[in-house]
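Any read-out appearing in this document is the output of simple, stated calculations on the displayed coordinates, not a laboratory observation. Predicted model, so just to flag it, every value in this text is computed and none were measured. Glycine gets a Cβ as well: all are built from the backbone with ideal geometry, and neighbour counts include every protein chain shown.
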Amino acid sequence: MILDDILERKRQEVQAAQQHLSLRDLKQRVSKYQSERSFKDALTDGNTIHLISELKRKSPSKGMLRERFDPVALAQEMQEAGAHALSVLTDEHFFGGSLDFLRTVKQFTDIPALRKDFIIDPYQIYQAAAYQADAILLLVCALNDEQLNEYIRLAASLGMDALVEIHADDELQRAIDAEAQIIGINHRDLKTFEMDMQLSERLMGRMPAGKVIVAESGIHTAADVARMQDLGAHALLIGESLMVAENVGNKIQELFGAIWAQD
């Protein structure tokens, strides 16, 4: 399975990174880090549905999405078009990302940025802080309950939010038990890469009050955006639809313009 391959490579990458910079030294570098941008607040400010706009050059399932990939120019275009936050892929091998993209994007934009990667070790959370992330992605399917609880709290101690992502019905309760505040419902199963656009419909009604709900994957039209808002999503994380668009700003307006105009 692709997910297993990705997670095995992550273990190797973490080991290699620690040979270059020890966990102890990395902790010292981020000991005073506190994000000045709230990812959670950016998704709940106002009454409209919010956009987390993703910078993703390629994916294992679709291959290259955008040949001419300038993360800073794209991020600025996304912000200008109304994006409330950014999701920056930092996996290099499978997604063409980079931690450097994260830090550079933060320097040239004013909205919060999520480190989107396959986090399996505390080292990666300290890395995220070192590269100025405002939030991290945690995959329920990649972590046990102890890790999930630990990593949510570690992120908070470093001033970062955690977007806790689920891909199946049985993962929701684990996210709730871990006291996740931001829960992402990904319609794409990362083990099979199959889409289930009914997942949000099944799960949103089971969310406890006070949770910030993010719908992810398979959102391509204004009708999709409206449907997710009607179901109760606070925000949408959209990558592929934007990355394959000739003009990212125009695509954002196509998807959200009518809804945002009503706010």
Among (1) -0.31, -1.08; (2) -0.21, -1.09; (3) -0.47, -1.05, which one is log10 I(q)/I(0) by the Debye sum over Cα atoms at q = 0.07, 0.15 Å⁻¹ computed from these coordinates?
(2)
Residue-wise HN-Hα coupling along the stretch 189-199, computed from phi with Karplus coefficients 6.51, -1.76, 1.60 (Hz; x: Gly, Pro):
6, 6, 7, 10, 6, 7, 9, 9, 6, 8, 4
Once phi is turned into θ = phi - 60°, what whole-Hz ³J(HN,Hα) does the Karplus curve with 6.51, -1.76 and 1.60 give for every residue of the stretch 152-167, x standing for Gly and Pro?
4, 6, 5, 4, 4, 5, 9, x, 10, 7, 10, 8, 9, 9, 10, 10
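Please give the length that would be gained between E80 and N250 if that part of the chain were fully extended, namely 0.36 nm times their separation in residues minus their C-alpha to C-alpha distance (nm, one decimal). Mind showing how you got there, number by number?
Values: separation 170, 0.36 × 170 = 61.20 nm, distance 1.07 nm.
Using 0.36 nm per residue and subtracting the Cα-Cα distance, I get 60.1 nm.
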Relative packing of peptides 69-77, 142-150 - highest average C-beta neighbours within 10 Å first:
69-77, 142-150
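Just to confirm a number: summing +1 for Lys and Arg and -1 for Asp and Glu over residues other than A168 whose beta-carbon lies under 12 angstrom from that of A168, what do you get? If you can, show how the numbers build up before the last one.
Numbers: positive: R174, R188, K191, R202; negative: E165, D169, D170, E171, D189, E194, D196.
That works out to -3.
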Likely footprinting exposure, R174, R202, fewest C-beta neighbours within 10 Å first
R202, R174
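Charges at C-beta only: +1 for Lys and Arg, -1 for Asp and Glu. How large is the resulting dipole of the stretch 41-121 about its Cα centre, in Debye rounded to 20?
Working: 10 positive and 13 negative charges, 62 e Å.
The dipole magnitude comes to about 300 debye.
Is there a quick way to get the dipole size of the chain? I mean about its Cα centre, with the Cβ of Lys and Arg at +1 and of Asp and Glu at -1; what is the value in debye to the nearest 20? If you can, show how the numbers build up before the last one.
On the way: 28 positive and 41 negative charges, 123 e Å.
Taking the Cα centre of the chain as origin, the dipole is about 600 debye.
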Rounded to a whole number, the Stokes-Einstein D of the stretch 119-222 in µm²/s (Kirkwood radius over Cα pairs; 37 °C; 0.692 mPa s) is 233 µm²/s
Compute the Cα gyration tensor for the stretch 182-263, then decide on rounded, prolate or oblate, letting a ≥ b ≥ c be the square roots of its eigenvalues: rounded whenever a/c is under 1.5, prolate when a/b is larger than b/c in the other cases, and oblate in all that remain.
oblate
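What dipole magnitude, in Debye to the nearest 20, does the stretch 150-263 give about its Cα centre under +1 on Lys/Arg Cβ and -1 on Asp/Glu Cβ? Spell out each step's value before the answer.
Working: 9 positive and 19 negative charges, 35 e Å.
Roughly 160 debye for the stretch 150-263.
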Distance from the stretch 193-226 to the stretch 74-102 (C-alpha centre basis), Å
21 Å
